[in-house]
Amino acid sequence: GALVNKAGEGFNSPYAKIYSVNPDSSNYDLINLLFNKSFYYRMRGLHNLDTSSWSGAKSMTTYPYPEPLSPDDGSSNEALEIVFEWEEYEGVIRYYIETSKNEDFSSSLNFISDSNSISLKGFNYGEEYFWRVNAEHSEDISPWSEARSFTTVNNITLIAPENEATDV
């Protein structure tokens, strides 16, 4: 069979791609699609004596950016060493993480991870921070995710010995 995908208008677009699908297969994995774009696809069958009509077209939209998971937006009392996590997407080779004390990220620190998490430290006590993430594969870099905020812990909680303990 033949699978056709395209972005934009019409299957006659110069950006349309035709893929040959193994005759023993009922699926085909598309890789490195552009982030946050609509793609259209259709299928037809071929053999030595004949070619079928094209199927009806269907569409799909790729994800725009990795979805941040933790720390939760607006969380408080976060430790000064934090594990940042986000959705993992197959085919992504690198994630970029940006942290800032400013909501507009005018002054920020940037980090790179090849997995869907990273442990960062060096935050100050009792301060609000903002963070976001994006993804890269060999064909595209996603937009930044929506920014999330968190506030670090500002005091130490005493655990032991308990208040007014005796015979310690």
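Only one of the numbered conditions (1) modelled with pLDDT under 85; (2) closer than 30 Å to SER145 by Cβ is not met by GLU88, and that is (1).
Among the residues of the range 16-38, is there at least one that is open to solvent by 60 Å² or more (accessible area, probe 1.4 Å), among the charged types (D, E, K, R) and under 29 Å from GLY122 (Cβ atoms)? Looking for residues that are open to solvent by 60 Å² or more (accessible area, probe 1.4 Å), among the charged types (D, E, K, R) and under 29 Å from GLY122 (Cβ atoms), one finds none in the range 16-38, hence no. For the range 39-69, the set of residues classified as under 18 Å from the mean Cα position of the chain (by Cα) and either surrounded by 13 or more Cβ atoms within 10 Å (Cβ to Cβ) or not β-branched (Val, Ile, Thr) (or both) consists of MET60, THR62, TYR63, PRO64, TYR65, PRO66, GLU67, PRO68, LEU69, listed by residue number.
Here ASP50 meets the list (1) modelled with pLDDT under 90; (2) of a type outside the set (A, V, I, L, M, F, W, C); (3) over 30 Å from ALA147 (Cα atoms) almost entirely, failing just condition (1). When the range 72-88 is filtered for residues that are in a loop (DSSP other than H, G, I, E, B) and in contact with a Ser or Thr (Cβ under 9 Å, 6 or more places away or on another chain), the ones remaining, listed by number, are ASP73, GLY74, ALA79, LEU80, GLU88.
For the range 58-83, a residue qualifies if it is closer than 30 Å to LYS37 by Cβ and small (Gly, Ala, Ser), and the qualifying residues are SER59, SER70.
The values are calculated or read from the model by the stated rules, or taken from the named source; none is laboratory data. The shown structure was predicted, so the numbers you read here are calculated from the model rather than taken from an experiment. Every residue, glycine among them, receives a Cβ derived from its backbone with ideal geometry; neighbour counts consider all protein chains shown. Surface accessibility is based on the protein's heavy atoms, side chains included, excluding ligands, DNA and RNA. Shrake-Rupley method; radii C 1.70, N 1.55, O 1.52, S 1.80 Å.
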